[in-house]
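Right, one structure below, let's go through it.
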Amino acid sequence: MLDQTQFPITKLWPAQHPERLQLYSLPTPNGVKVSIMLEEIGLPYEAHLIDIGKNETWTPEFLSLNPNGKIPSIIDPDGPGGKPLALFESGAILLYLAEKSGQFLPQDPAQRYETIQWVFFQMAAVGPMFGQLGFFHRFAGREYEDKRPLERYKNESKRLLGVLESRLEGRDWIMGQDYTIADISLLGWVRNLIGFYEARELVEFDSFPRVGQWLERGLARPAVQRGLTIPARND
């Protein structure tokens, strides 16, 4: 069982069910990776809403768990060897949960590393590029007179969609017929690009039909639909 005194974050977000995995998150593209995964594998957990609009990730309590001040983060009271494990970085959490549950990560070594490769692709390329495009297209960056940054991130986002389009030729999912953490890592970001960031026309999303069909398949999964709203927002 989770010893709350061991983790200062529990002072601000106390565990009502300390025997369950504790999720500290917000339903952003990075946050929903973990909530979707938890819903998919059926592991009992308790979700805590971290309000980045109120700078809650910069409190000493949150920074004690993640010194980088980002969501999501977790505490698993039943970590390796039965000891509590605190973990941040959504990609690392996906890998941990896949190995803990034995789900959504192939057992074959070559397939396993290929899946991890695509998770890294999302972490290193898709997330940063789509996020910058969102800033320069919809948020404060759109007021900048210099449109070169927007053009750069638009073109790079289109290129990355092209990579996914090519990968999905003859495949239902990133790894073929099997849905994996590679898909889970990417779904929220592609959804955000054409939804919250309002960039569908900007990146000519409809010219990537395989990506669109893959996104529809992913969003049709009940666990994905649930995970997209966890933790529930206050607004």
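The values are calculated or read from the model by the stated rules, or taken from the named source; none is laboratory data. All figures in this text were calculated on a predicted structure; none of them were measured in a lab. Cβ atoms come from the backbone with ideal geometry, glycine included; neighbour counts cover every protein chain shown. Accessible surface areas use protein heavy atoms only, side chains included; no ligands, DNA or RNA. Shrake-Rupley method; radii C 1.70, N 1.55, O 1.52, S 1.80 Å.
Structure data summary
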| quantity | calculated |
| --- | --- |
| Residue among Phe120, Val163, His137 farthest towards the positive dipole end of the chain, charges placed on Cβ | His137 |
| Label-point separation in nm, His17 to Ala124, each point 7 Å along Cα→Cβ | 3.7 |
| Entries of Lys33/Lys100; Lys11/Lys54; Lys70/Lys147 with Cα pairs more than 21 Å apart | Lys70/Lys147 |
| Nearest-ten-degree value, helix 148-167 long axis tilted from longest Cα axis of the chain | 80 |
| Derived scalar couplings ³J(HN,Hα) [the stretch 72-88; Karplus, 6.51 cos²θ - 1.76 cosθ + 1.60; whole Hz; x for Gly, Pro] | x, 9, 9, 10, 9, x, 10, x, x, x, x, 9, x, 10, 9, 8, 10 |
| Estimated FRET transfer efficiency when R0 is 35 angstrom, pair Glu89-Glu145 (beta carbons, to 0.05) | 0.50 |
| Under 18 Å from the Asn55 label point (7 Å along Cα→beta-carbon), backbone N, the stretch 217-235 | none |
| In degrees, nearest ten, helix 29-41 long axis to first principal axis of the chain (Cα) | 60 |
| Cα centroid separation, the stretch 97-118 to the stretch 129-164 (Å) | 31 |
| Heavy-atom SASA rank of Ser185, Ser101 (probe 1.4 Å, accessible area, largest first) | Ser101, Ser185 |
| Vicinal HN-Hα couplings computed from phi for the stretch 170-187 (Karplus, 6.51 cos²θ - 1.76 cosθ + 1.60; Hz; Gly/Pro x) | x, 10, 7, 10, 4, 9, x, 8, 9, 6, 9, 5, 4, 5, 4, 5, 9, 4 |
| Label assignment, Cα Rg over 2.2 N^0.38 Å derived from the structure, set (i) 1.03; (ii) 0.98; (iii) 1.19 | (i) |
| Rounded to the nearest 20 debye, dipole of the chain from Cβ charges on Lys, Arg, Asp, Glu | 280 |
| R0 of 30 Å, Cβ-Cβ distance Lys100-Arg159: FRET efficiency to nearest 0.05 | 0.30 |
| Förster radius 25 Å - calculated FRET efficiency between Tyr113 and Asn68 (Cβ-Cβ, nearest 0.05) | 0.45 |
| For the stretch 4-103, with +1 on Lys and Arg beta carbons and -1 on Asp and Glu, the positive-most of Tyr24, Gly69, Leu43 along the dipole | Gly69 |
| Electrostatic dipole magnitude of the stretch 4-103 [Cβ: Lys, Arg +1; Asp, Glu -1; Cα centre; debye, to 20] | 160 |
| Whether the stretch 102-235 is rounded, prolate or oblate, judged on the alpha carbon gyration tensor where a/c under 1.5 counts as rounded | prolate |
| Additional length obtainable on full extension of the chain from Arg152 to Ala223, 0.36 nm per residue less Cα span | 22.1 nm |
| Straight-distance crosslink candidates among aspartates and glutamates, where the alpha carbon sits under 14 Å from Lys83 and sequence neighbours closer than 8 are dropped | Asp3, Glu19 |
